[in-house]
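Worksheet: the structure to be examined is printed underneath.
The values are calculated or read from the model by the stated rules, or taken from the named source; none is laboratory data. Since we're looking at a predicted model, the values are computed, not measured. In this analysis, Cβ positions are derived from the backbone assuming ideal geometry, glycine residues included, and neighbour counts consider all displayed protein chains.
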Amino acid sequence: MNETVLISGGTGSIGRRLTQLLQEKGYQVSLLSRSPKSIPNVQVYQWDIKKGHIDPQAIATADHIIHLAGEGIADERWTDERKEAIISSRTQSTDLLAQALAKNPHHVKSFMGASAIGFYGGNTEDRPLIETSQGGSDFLAQTVRAWERSEEQVAALGIRTVKFRIGVVLMTEGGALPKLVQPVKLGAGAPIGSGQQYISWIHLDDLCRLFMQGLSDNSWQGVYNAVAPNPVTNETLTRAIAGVLHKPILLPNIPNFVIKLMYGEMAIVVTGGNYVLNKRIADETNFQYQYADLTKALENLLM
């Protein structure tokens, strides 16, 4: 095969696993990094988003681009400065890629852009949401709308563009799962708030396989909800983790006000919920999930 996939944000948990799976399928992988360091079997190119610099060779050698770069939504409290960093890290990095694609000779066939189910808003309760559902108006929704708008610049160049609105990614390094697992292991696990808020989740490997199928199948285009088929409540997820770890849930639910005291506005990430459906993947593609069942997904990650 020997096609080259250029990944931005490739040193994070998703990017590392994606690199591994792409290489197993025979792809060459190159990464964009602010500080190029040697990674076995991976070509690393330098870029500097703030200075607007990207090594033109990164673009010239790529057949496909997977764009994952962006500051972590839940890494720090949302000060005004942090909010600006969250939005600009997504839009400016996409702007830079789009400008490089417009200016430099290349043979890029597809662009896989990360997005998020935050498009619909931080808390949409149990209303079923599909790709054509209306977007929200809170900070998360504003961030994702700006992010997706910046990715439209690539589509405008005539490059097939796919945007994956990613749900809660279950993985052992980073993301929500370790934060949920730790208190359960210590015998202090408990649902958050009412426990009835929905979590639209996906196993890390299924997310990576979605990106891979998206770049290899020319029929994929536009927005897809990158979630497993069955959203679950926070309480169901907490109890499923406890079941896989053979730990009891003894404590009462953690009240929302406690979470808000700890995290401020960012608390919506765990107190809110979304019931997001993978309608386009189910109806229009032949994608097969390895982990459509929550218990199987948790057993794979935790055992």
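The figures follow:
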quantity	calculated
Check on N253, farther than 30 Å from Q221 by Cα and not aromatic (F, W, Y)	yes
Residue match in segment 144-155 (condition: of a type in the set (G, A, S) and assigned to a strand (DSSP E or B))	no
Filter pass, F111 being under 23 Å from G273 (Cα atoms) and either part of a helix (DSSP H, G or I) or at pLDDT 95 or above (or both)	no
Answer from I54, I39, I49 - the residue that is more than 30 Å from K260 (Cβ to Cβ), surrounded by 14 or more Cβ atoms within 10 Å (Cβ to Cβ) and in contact with a strand residue (DSSP E or B) (Cβ under 6 Å, 6 or more places away or on another chain)	I54
The one condition in (1) modelled with pLDDT of 95 or more; (2) touching a Gly at 6+ places or on another chain (Cβ under 6 Å); (3) more than 25 Å from T19 (Cβ to Cβ) that V232 fails to fulfil	(2)
Residue count, segment 294-303 (criterion: in contact (Cβ under 8 Å) with a residue 40 or more places away in the chain and over 19 Å from the mean Cα position of the chain (by Cα))	5
In segment 72-115, the residues that are under 17 Å from Y263 (Cα atoms) and under 16 Å from the mean Cα position of the chain (by Cα)	G72, I73, A74, D75, I86
Breaking point among (1) of a type outside the set (D, E, K, R); (2) at negative phi; (3) in contact (Cβ under 8 Å) with a residue 24 or more places away in the chain, for M262	(3)
Identity of the residue in segment 208-266, among the small types (G, A, S) and part of a strand (DSSP E or B), that ends up farthest from the chain's Cα centre (by Cα)	G222
Enumeration of residues in segment 160-172 that are over 25 Å from T233 (Cβ atoms) and touching a helix residue (DSSP H, G or I) at 6+ places or on another chain (Cβ under 7 Å)	T161, V162, K163
Residue within segment 185-203 that is farther than 27 Å from T124 by Cα, touching a Lys or Arg at 6+ places or on another chain (Cβ under 7 Å) and either of a type in the set (G, A, S) or surrounded by 22 or more Cβ atoms within 10 Å (Cβ to Cβ) (or both) present	yes
Residue count for segment 1-52, restricted to those that are closer than 17 Å to Q213 by Cα and more than 21 Å from the chain's Cα centre (by Cα)	9
Single residue of G175, G187 found to be under 27 Å from A297 (Cβ atoms), touching a Pro at 6+ places or on another chain (Cβ under 9 Å) and at pLDDT below 95	G187
Out of Y45, Y27, sole residue that is without any contact (Cβ under 8 Å) to a residue 40 or more places away in the chain, on the phi < 0 side of the Ramachandran plot, touching a helix residue (DSSP H, G or I) at 6+ places or on another chain (Cβ under 6 Å) and not acidic (D, E)	Y45
